[in-house]
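Following: one structure in structure tokens, then a few remarks.
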Amino acid sequence: MGHLAPFCRLAVALSDRACDVSFITIQPTVSSAESRHVATLLAAFPRLRPLDFRLADFDPSAFASTDPFFLRFEAIRRSAHLLPALLAATSPPVSALVVDISLASAFLPVVSGVGLPCYLLFTASAAMLSLCAHFPAYIATRNTAGVGDVGIPGLRTVPKASIPLPLHDPNNLFTTQFVENGRILQKADGILINTFHALEQEALDALNGGKVVPGLPPVVAIGPLKPAMGCEGGSTLLWLDAQPARSVVYVSFGSRTAMSVDQMKELGSGLERSGCRFLWVVKSKVVDREEEVELEELLGEEYQERVKERGLVVKGWVEQEEILRHRAVSGFVSHCGWNSVTEAALHGVPILAWPRIGDQRVNADVMARGGLGIWVKEWSWEGEEKVVRGDEIGERVRELMEDEGLRASAARLGRETVKAVTVDGSSGKGLTEFIGKL
Ligand code: UDP
Ligand code: UDP
């Protein structure tokens, strides 16, 4: 969802600005959330033309990786040769493509081969893009030394502990994709990125000033891309409506970050101890289709009954944007997926960061530097067995909800974010610049 949501938002933004947009869809999707999201998008915006991309046969058992999302990206990459036929059958003819970073090295040569410009949409932070751009050169110098702290030229050092875990293994499927995609960035016609200047000026300057790697195409900030689809309220929002203003902490780890049952129990106890009202989205499996166990079984029989006066626990999809914009919400315990960070920024909601996998520590660092929240660096990370205890979690949640200084600085960033996405703001101008090129 972290990749799909910004693509949907970009499609709508371009269509709103009178571009004729075709949207390449792939069925079946890994998660139900993805297929529902695509279906809702196409129903709400019939002017977006769906192009159904049928993938070539793919055998996942040939790979050591078990991450279903990495494997799906690989399956799409290996179907790149089928793209020209899909494009040739499209009327009116396609004049440019916007492609996800995960597909870059497979798709760029094919798109150039049919004489079309190819832009990338980088759906994460500029800090992460700088790591992606520098990593191929870095890894080439390491021989057998493995990955340590990575000094990004012209920017800062990403400590070893913040490097996504798969990148420590040169044979991991994600590492292969990441290095190949990083190597080909220079060949793109441009790189759109879902960030904004007020949050990541330094990284954007380093990328565009040729400091990170020479010869990159323009990196154009166009974020945070605005959510495209409304929703019908639902029971979660009704519950929020009944809570006092700025009293609720929202707890979610995004669409693909699962938590162990032991850790979940401690988190539950922490939220209870915090004394704060809370809305907690529980996720115990990486892929939503596999969530089978009931909440009672995960959290214990009496938990929900005990907290029902001030806590709502849900399992399944919630409308996060609507939650973050709700007047009752004034804190967010987040894994720091990049979309979550930028959505919190847009609504000026302070974050307590608990990054768990992938780029989330890199993002948490950007978020904390930007004055949007607190990051407890010692809390557990992928590959670690450590369970963070409830009393510690409760204390930090209370701190998040009571810190007036933090609330003010998050609100300040919120105002900057709103400004960035107006037509005359830095990201609004970025989008206009891109449409000009089209
Ligand atoms: N999201 C949502 N409801 C959920 C879980 C996620 O609306 O229950 C949305 C969230 O608002 C964001 C995206 O899905 O737009 C998740 O992207 P993010 O980069 O935050 O994290 P990821 O899921 O990729 O780890
Ligand atoms: N990423 C990248 N190059 C790639 C694939 C991914 O730079 O070839 C970035 C991606 O945008 C994200 C990070 O690497 O910032 C981690 O990707 P992952 O798929 O683990 O997490 P997600 O994108 O779901 O948050």
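Tabulated data for the structure shown
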{"read-out": "Rounded FRET efficiency, nearest 0.05, which uses the C-beta distance separating GLU402 from ALA161 and R0 of 41 Å", "value": "0.90"}
{"read-out": "Cut-off 14 Å (backbone N to label point 7 Å along Cα→Cβ of ARG78), residues of the range 152-185", "value": "173-174, 177"}
{"read-out": "FRET E, pair GLN186, GLU297, Förster distance 56 Å, beta-carbon r, rounded to 0.05", "value": "0.65"}
{"read-out": "Carbon plus sulfur fraction of accessible area for the chain, probe 1.4 Å, in percent", "value": "51 percent"}
{"read-out": "Full-stretch length increase - LYS308, ARG142 - with 0.36 nm per residue and alpha-carbon distance subtracted", "value": "54.4 nm"}
{"read-out": "Inter-probe distance in nm under a simple model that places probes 7 Å from Cα toward Cβ, at GLU433 and LYS285", "value": "4.4 nm"}
{"read-out": "The chain - mean residue ellipticity at 222 nm from DSSP helices (-39,500 (n - 2.57) per run, n ≥ 4, rounded to 500)", "value": "-13000 deg cm²/dmol"}
{"read-out": "Probe 1.4 Å, all protein chains present, accessible-area order of LYS437, LYS429, largest first", "value": "LYS429, LYS437"}
{"read-out": "Linear extension gain, ARG54 paired with SER260, 0.36 nm per residue minus alpha-carbon span", "value": "70.6 nm"}
{"read-out": "Cβ-defined net charge surrounding ALA124, 14 Å radius [Lys, Arg +1; Asp, Glu -1]", "value": "-3"}
{"read-out": "Full-extension gain in nm, ASN171 to LYS211, via 0.36 nm per residue minus C-alpha separation", "value": "11.6 nm"}
{"read-out": "The chain, accessible area per residue, ligands and nucleic acids excluded (1.4 Å, Å²)", "value": "43 Å²"}
{"read-out": "Under 11 Å from the ARG47 label point (7 Å along Cα→beta-carbon), backbone N, the range 398-438", "value": "none"}
{"read-out": "Within straight-line cross-link reach of LYS211, lysines at Cα separation under 20 Å, skipping those fewer than 8 residues along the same chain", "value": "LYS187"}
{"read-out": "Entries of LYS283/LYS308; LYS160/LYS419; LYS315/LYS419 with Cα pairs more than 28 Å apart", "value": "LYS160/LYS419; LYS315/LYS419"}
{"read-out": "Kirkwood hydrodynamic radius of the range 1-128, from inverse mean 1/r over distinct Cα pairs, in Å", "value": "15.6 Å"}
{"read-out": "Over the range 229-286, relative contact order from alpha-carbon pairs under 8 Å, at least 6 apart, %", "value": "47 percent"}
{"read-out": "Largest-first principal axis extents of the Cα set of the chain (Å)", "value": "62, 53, 46"}
{"read-out": "Ellipsoid equivalent to the range 173-227 - semi-axes via the Cα gyration tensor, in Å", "value": "20, 15, 11"}
{"read-out": "For the range 229-298: rounded, prolate or oblate by the Cα gyration tensor [a/c cutoff 1.5]", "value": "oblate"}
{"read-out": "Two-decimal Rg to Rh for the range 6-61 - Kirkwood Rh, Cα set", "value": "1.04"}
{"read-out": "Radius of gyration, Dmax [the range 308-438; alpha carbons; angstrom]", "value": "16.4, 55"}
{"read-out": "Estimated FRET transfer efficiency when R0 is 25 angstrom, pair LYS386-TRP239 (beta carbons, to 0.05)", "value": "0.15"}
{"read-out": "Accessible surface, 1.4 Å probe, highest first, among residues SER31, SER95", "value": "SER95, SER31"}
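The values are calculated or read from the model by the stated rules, or taken from the named source; none is laboratory data. Here the structure is a predicted model, which is why all the values come from computation and not from measurement. Note that we place each Cβ from the backbone using ideal geometry, even for glycine, and neighbour counts take in every protein chain shown. We work out accessible area using only protein heavy atoms, side chains counted, and drop any ligands, DNA or RNA first. Shrake-Rupley method; radii C 1.70, N 1.55, O 1.52, S 1.80 Å.
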